[in-house]
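Q: The structure under discussion is supplied below as structure tokens; questions concerning it will follow.
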Amino acid sequence: MKKLLGFLLLMTLAAACGPKPEPEKPGPDPDGKTPVTPVPGPEKPDEEGLPQVSTFKLGETFEIPFGQQLLMPYKGFSKGDKITLTSRRDQSVRYELECTEVSDDKGALFTTPARFIGGMCDVSCPRFTGGTTFVDVVDGTIVDKVPGKTTYGRVVDWDGKPLKGVAVSDGAMVTVTDDNGCYWLASQRKYGYVFISVPSGYRVAVNRTIPQFFKRFKAASYTEYEINNFVLEPEDNKTHRVFVFTDTHLANRTDDVSQFTSAFKPELKAQAENARSEGVPFYGLTLGDLAWDQFWYDNQYSLENYYKTLSDLDFPIYNAPGNHDNDPYVANDFGAEAAFRKWIGPTYYSFNIGDAHYILMDNTMFNNKGGAQGVVGDVQDYTEGFTSDELKWLRADLALVPAGTTVFFGTHIQYSNRASLKSGGDFAYSYSMPAQFRTELVDLFAPFKVHYLSGHTHVSYTNEFSDKLIEHNIAAVCGTWWWTGYYTKGKCNICRDGTPQGGKIFDIAGSDVNWRWKPMGHDANYQFRVYDLNNCLISKSLYCKSGTKISNSFFSEYVYGYDSQRSDNKLLVNVFDYDDRWTVSASEGGKPLTVKRVDTYDPLHVVHFNTRRMDTNSTAMTFPTVLTSHMFEVSSPTSTGTVTITVTDRFGRQYVETVSRPRRLYDMTTSTNY
């Protein structure tokens, strides 16, 4: 037994990248927590030294060594005992750790599985109470010291093969791993972590949806030697699928968490399972406003709660912060991001999947003056842009990406605004991002084909600036801040432009990129909604019966002309994910009808938010219906004829609906396209 323990000690101290440095002193992590020990200990040992194994308590993390045996410092184990790890994602995947030696003074040694990088597992053993936790595979290999460097580590695959050329960063500087997979950084550890840009063809372990591409520093001072190693699993991800969603705005207000849990989470699980059944690697990607800063304190629902709400999902979700993911009681941008860094991870970083390079960045410059809890100062005082650290990092990151690569660049706040109708009759967009940052991005993006992903607006639009730059502004998961779902008891959750809640699915195969809007609770072929405008009268007597304190003028202001009876026989088509490469056509009795793009308001949103809000006698019209340019008017010669609408997207997929008239607006409650 003594020989075996001695051998294991020598193996742990062996240096693939150099000799062992002086011992380091333990210290708290950047969030002030006590570092998690590899094996959680009992409250107190028994009188004979080692504690009984029955006192072992499984923690939030169960650490096992990479390429070494696991020492459990407990008595009560027997040779041949097994600890079983069952993948939470796939119950058919199991790993067994078998006890090979026991000692009254050292404990029990267990084998550890080969080709296992960790993940969410059900941990079971007859000797102690198990449960579900994150199994963290820790590579204890030592990297030798280099003068002037403070941060060390290596990146290897699950066989221990060094991975050369992997980008590593502390948020301020970027380096790459050498032939031995080792890296060194002269880091001051400002952000509290070091992260890698996961290389193409590999994946990292996932802890409660959070991909473990980063390691938090534990040393109290940046001058202390500290190792942070990464073990990656090979994955054939040249073809992959990414589900992009944004603006969940979970706040424990009305029934938002219930709506999210009962409607959106099952959709996420279904999409992940669909991809899995097709053999396609699946990833989630969010674009901020995950929670809602005001309600961190008012309703005790913070980013911690968001993290826990999603923690039972079993696929990686890469997250970017939004303006509402900042602490309103902190008076500076860096400090206000602390909660995001603590519960979610880095606020900007990159990773590679297949032939695509992904970058997520925080573009909210928070300027709050702060305030005492309960007295928020200058809430949501922010501007759009990037810090000097972010831009320095971005230049270094993109310098490592080959020209011609497809780049997905995600931020919360949009690069441009929706196209609107101009005086000359054309539709044109304007820019949202300040010119100084646009200029920087255009220069940096010049060698690549870029898909800019954004949220923030709670509406849907796509602006194509050139054949190398296109922006996808993603509509909100929460729709109209969960209000339309609340008012309709979950029947209709739509955004201010009438787009149903959901996300955008991107299918990537090499350099080929294909996408489609996926409305929640609907088939993927539900890409538009049709209104019979002769029957879209929104009267106060029908839709605002209880709003006795609402004046006729105020009501009329927020129904945007729909309180006047129309008789022009026109239909209105709302094409949710429209861009300039889509076409909309219509026919009646086999004859083509005239179709004209217009800038107008979605009547269903008027009914399910504006009039519902007024029906409570409230004049707080905080999220009213907005003008939308993915609308099309169809001119018909009749009021009762059957009209066929055909919408063709940029990829040639056709979506067809045959509309029988009259179709009354309130009949949408029974329509399959509600």
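The values are calculated or read from the model by the stated rules, or taken from the named source; none is laboratory data. Values in this document were obtained by computation on a predicted structure and should not be read as measured data. Positions of Cβ are backbone-derived with ideal geometry, glycine not excepted, and every protein chain shown enters the neighbour counts.
Q: Being in contact with a Gly (Cβ under 6 Å, 6 or more places away or on another chain), in a loop (DSSP other than H, G, I, E, B), touching a residue at least 24 places away in the same chain (Cβ under 8 Å) and acidic (D, E) is true for just one of D247, D236. Which residue is that?
A: D247
Q: Checking the conditions here, which among E101, E96, E48, E63 is at pLDDT below 95 and not basic (K, R)?
A: Going through E101, E96, E48, E63 in turn, the sole match is E48.
Q: Please find, among G404, G335, G345, the residue that is under 24 Å from the mean Cα position of the chain (by Cα), modelled with pLDDT of 95 or more and not acidic (D, E).
A: Testing whether each residue is under 24 Å from the mean Cα position of the chain (by Cα), modelled with pLDDT of 95 or more and not acidic (D, E) leaves just G345.
Q: Only one of these is closer than 20 Å to R663 by Cα, assigned to a strand (DSSP E or B) and outside the structural domain of Q501 (by TED's automatic domain parsing): L572, L537, L604, L542. Name it.
A: L572
Q: Just the residues that are of a type in the set (D, E, K, R) and more than 28 Å from the chain's Cα centre (by Cα), please, taken from segment 165-210.
A: D178, D179
Q: Given the options R613, R566, name the one that is part of a helix (DSSP H, G or I) and either of a type in the set (D, E, K, R) or outside the structural domain of F651 (by TED's automatic domain parsing) (or both).
A: Being part of a helix (DSSP H, G or I) and either of a type in the set (D, E, K, R) or outside the structural domain of F651 (by TED's automatic domain parsing) (or both) holds for just one of R613, R566, which is R613.
Q: Just need a number here: residues in segment 280-338 that are over 23 Å from F243 (Cβ atoms) and of a type outside the set (D, E, K, R).
A: Qualifying residue count for the region: 18.
Q: The conditions are (1) out of contact with any Gly (no Cβ under 6 Å at 6 or more places or on another chain); (2) in a loop (DSSP other than H, G, I, E, B), and H451 fails exactly one of them. Which is it?
A: H451 satisfies all of (1) out of contact with any Gly (no Cβ under 6 Å at 6 or more places or on another chain); (2) in a loop (DSSP other than H, G, I, E, B) except (2).
Q: Among the residues of segment 570-585, is there at least one that is surrounded by fewer than 22 Cβ atoms within 10 Å (Cβ to Cβ), in contact with a helix residue (DSSP H, G or I) (Cβ under 9 Å, 6 or more places away or on another chain) and either under 20 Å from F632 (Cβ atoms) or free of Cβ contacts under 8 Å to residues at least 12 places away in the same chain (or both)?
A: yes
Q: Which of the residues belonging to segment 154-195 are closer than 25 Å to V135 by Cβ and either without any contact (Cβ under 8 Å) to a residue 60 or more places away in the chain or not in a strand (DSSP E or B) (or both)?
A: Selection gives W158, D159, G160, K161, L163, V166, V168, T177, G181, Y183, G192, V194.
Q: Residue check: is D507 in the same structural domain as N473 (by TED's automatic domain parsing), free of Cβ contacts under 8 Å to residues at least 60 places away in the same chain and under 30 Å from Q271 (Cβ atoms)?
A: no
Q: Report, by residue number, each residue of segment 460-477 that is assigned to a loop (DSSP other than H, G, I, E, B) and either in contact with a strand residue (DSSP E or B) (Cβ under 8 Å, 6 or more places away or on another chain) or without any contact (Cβ under 8 Å) to a residue 40 or more places away in the chain (or both).
A: S460, D467, K468, I474, A475, V477
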